[in-house]
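**Student:** Shown below is the structure under consideration.
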Amino acid sequence: MAHLLNTSFIPTTTPLRRHSPTLPPLTTHSKKTLIQAKIREIFMPALSSTMTEGKIVSWVKSEGDKLSKGESVVVVESDKADMDVETFYDGYLAAIMVEEGGVAAVGSAIGLLAETENEISQAKSKAATSGSDSAPPPPPPPVEAAVADSAPAPVPVAKATSPVAAAASAVHPASLGGKRIVASPYAKKKAKELGVDLSGVVGSGPMGRIVAKDVEAAMAAAASGGAVEAAKVPASPGVELGSVVPFTAMQAAVSRNMVESLGVPTFRVGYTISTDALDALYKKVKSKGVTMTALLAKATALALAKHPVVNSSCRDGKSFTYNSSINIAVAVAIDGGLITPVLQDADKVDLYSLSRKWKELVDKARAKQLQPQEYTTGTFTLSNLGMFGVDRFDAILPPGTGAIMAVGASEPTVVATKDGRIGMKSQMQVNMTADHRVIYGADLASFLQTLAKIIEDPKDLTL
């Protein structure tokens, strides 16, 4: 019986095989798809959840260059960082549709990729047709053009404003004592290959950023003996008073976030904390690479662990989340905007590792090389202006978080001791801004008391 059942399936397979001649039309259809796919569009990618448009910092490849899958093609400036965009296919960069400095919406075509050299001319025709169908982009403001033209040359205005530019580049304590170099990833790679010192290269990209062609120009200048003269040219373009300057992608993102934060009902609480013990600890561990930022972040994280509601967040106005991780975002001012690198799991990471991580994040922030998860995952924000002598200030609550703490300078203060005498203590003022939908006054007061105890007796910070 089993033998009969097995053989009974043989006739049923035969009709299926008889229908096999109908398969060639499917093969023909797949060939059509393959032909149409020989010219592919390179789209502006979404490099973060908040990105709506991106600016072309530099094209790593030129039109006609051969590309391999996974190779970098273009450097794009998102709302917070510069990132290399790779190709998913082999082929040739047939046409560049958005030039360096141009802005394109996420998902729009910025270039065309041809499968073979034979399709390059066809792709260029397609790019020209596409460009004529769409409305031309508005011309750049005359002031920008003038600045861009004058950037490579040593103009008097640039020299006069170079002290201002130098001050702007030192707005974060981690940049003190070091020179800030902002260059595209490809420019850095090119400089390493050619042995060019980026500190002597004048950037012609947006906000004075060094791009690949600047490195090549510096190499050529060095070969002709002009490198020393070029190194003396101020890297920052002059500022023309009365000019109108459009937002950079980063400034536009900051603007959107600040406007969004106005829809959140917030309140503020201030607290004075003695820092003598923290200052003494800092002197001991500074030689081991520990920064004051890491000390404050660690103290804040330990206090948040005891007050999870202050580490919570409300996004929809109907519920809130007790975040499972304590990720301290620290505000950093950089050229052209503001960014908040995140020290993840700050309550669990030891102080020395936290300091090393912070230095790494600051270096990447300066070079605009932070990955989205390194600046979008904060659950609590810390903003410190104490290094500028600011004694107190209020910070604006970032969207999607429950609280932000503004830290002022630690200053010697005359105080009354417990026995009725007059003494001297170093004190700092911290002001907190919180989402009142989730966090109440008593919550912040209790958190600040815990934070004060940790800072005034910081033995747990080095455990």
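**Student:** Along its three principal axes, how long is the range 325-388 when you only count alpha carbons? Whole Å, largest extent first please.
**Tutor:** Projected onto the principal axes, the Cα atoms of the range 325-388 cover 33, 27, 21 Å.
**Student:** If you don't mind, there's one more thing I want to ask. What figure, in Å² to the nearest 10, do you get for the accessible area of Leu397 with a 1.4 Å probe and non-protein molecules left out?
**Tutor:** 10
**Student:** Next up: Anything over 20 Å Cα to Cα? Flag those among Lys192/Lys364; Lys192/Lys213; Lys298/Lys357; Lys284/Lys418; Lys189/Lys357, in the order listed.
**Tutor:** Details: Lys192/Lys364 17 Å; Lys192/Lys213 14 Å; Lys298/Lys357 12 Å; Lys284/Lys418 28 Å; Lys189/Lys357 23 Å.
Long pairs (Cα-Cα over 20 Å): Lys284/Lys418; Lys189/Lys357.
**Student:** In square nanometres, what is one fourth of the surface area of the convex hull spanned by the alpha carbons of the range 404-463? The partial results should precede the final answer.
**Tutor:** On the way: hull surface 22.9 nm².
One quarter of the hull surface, i.e. the mean projection, equals 5.7 nm².
**Student:** Moving on to the next point. Once the Cβ-Cβ distance between Glu240 and Lys213 is put in as r, and R0 is 30 Å, what FRET efficiency do you end up with, to the nearest 0.05?
**Tutor:** Numbers: r = 25 Å, r/R0 = 0.82.
E between Glu240 and Lys213, to the nearest 0.05, is 0.75.
**Student:** Stretch Ser121-Ser68 to full length: gain in nm at 0.36 nm per residue minus the Cα-Cα span?
**Tutor:** On the way: separation 53, 0.36 × 53 = 19.08 nm, distance 1.97 nm.
Fully extending the segment from Ser121 to Ser68 adds 17.1 nm.
**Student:** Just report the Cα centroid separation between the range 347-387 and the range 259-329, whole Å.
**Tutor:** Between the Cα centres of the range 347-387 and the range 259-329 lies a distance of 13 Å.
**Student:** Something else about it: Could you calculate the contour length gain from Lys418 to Gln449, that is, 0.36 nm times the residue separation minus the distance between their Cα atoms, to one decimal place in nm? Working shown, then result.
**Tutor:** Working: separation 31, 0.36 × 31 = 11.16 nm, distance 1.83 nm.
Value of the extension gain: 9.3 nm.
**Student:** For a label point 7 Å from the Cα of Thr321 along Cα→C-beta, name the residues of the range 240-259 whose backbone N is under 20 Å from it.
**Tutor:** 257-258
**Student:** Name the residue farthest towards the positive end of the dipole of the range 399-444 from the options Ile422, Thr401, Gly441, assuming +1 on Cβ of Lys and Arg, -1 on Cβ of Asp and Glu, about the Cα centre.
**Tutor:** Looking along the dipole axis, the top candidate is Ile422.
**Student:** Sort the following peptides by mean Cβ neighbour count (other Cβ atoms within 10 Å, averaged over residues), highest first: 53-66, 317-330. Walk me through the intermediate numbers first.
**Tutor:** On the way: 53-66: 19.1, 317-330: 16.9.
Ranked from most to least packed, the peptides come out as 53-66, 317-330.
**Student:** Using only protein heavy atoms and a 1.4 Å probe, report how much of Ser199 is accessible, in Å² to the nearest 10.
**Tutor:** For Ser199, the solvent-accessible surface is approximately 40 Å².
**Student:** Can you put His307, His436 in order of accessible area, largest first, using a 1.4 Å probe?
**Tutor:** Largest accessible area first, the residues go His436, His307.
**Student:** Moving to a separate point now. Would you mind telling me the antiparallel percentage of the DSSP bridges in the range 353-463, rounded to 5?
**Tutor:** Values: 11 of 15 bridges.
Rounded to the nearest five, the antiparallel share is 75 percent.
**Student:** For Ser353, what accessible area in Å² do you get when you roll a 1.4 Å probe over the heavy atoms of the protein chains, rounding to the nearest 10?
**Tutor:** 30
**Student:** How far apart, in nanometres, would the label points at Lys192 and Thr52 be if each is projected 7 angstrom from Cα along the Cα-to-Cβ direction?
**Tutor:** Label at Lys192, label at Thr52, 3.6 nm between them.
**Student:** Starting from the Cα of Asp350, step 7 Å along the direction of its Cβ; do the same at Ala220; then give the gap between the two resulting points in nm.
**Tutor:** The two pseudo-label positions are separated by 5.3 nm.
The values are calculated or read from the model by the stated rules, or taken from the named source; none is laboratory data. Quick caveat, the model's predicted, so the values are computed rather than measured. Heads up, the Cβs are rebuilt from the backbone with ideal geometry, glycines too, and the neighbour counts pull from every protein chain shown. Ligands, DNA and RNA are stripped out before the accessible areas are found, and what is left, the full protein with its side chains, is counted by its heavy atoms. Shrake-Rupley method; radii C 1.70, N 1.55, O 1.52, S 1.80 Å.
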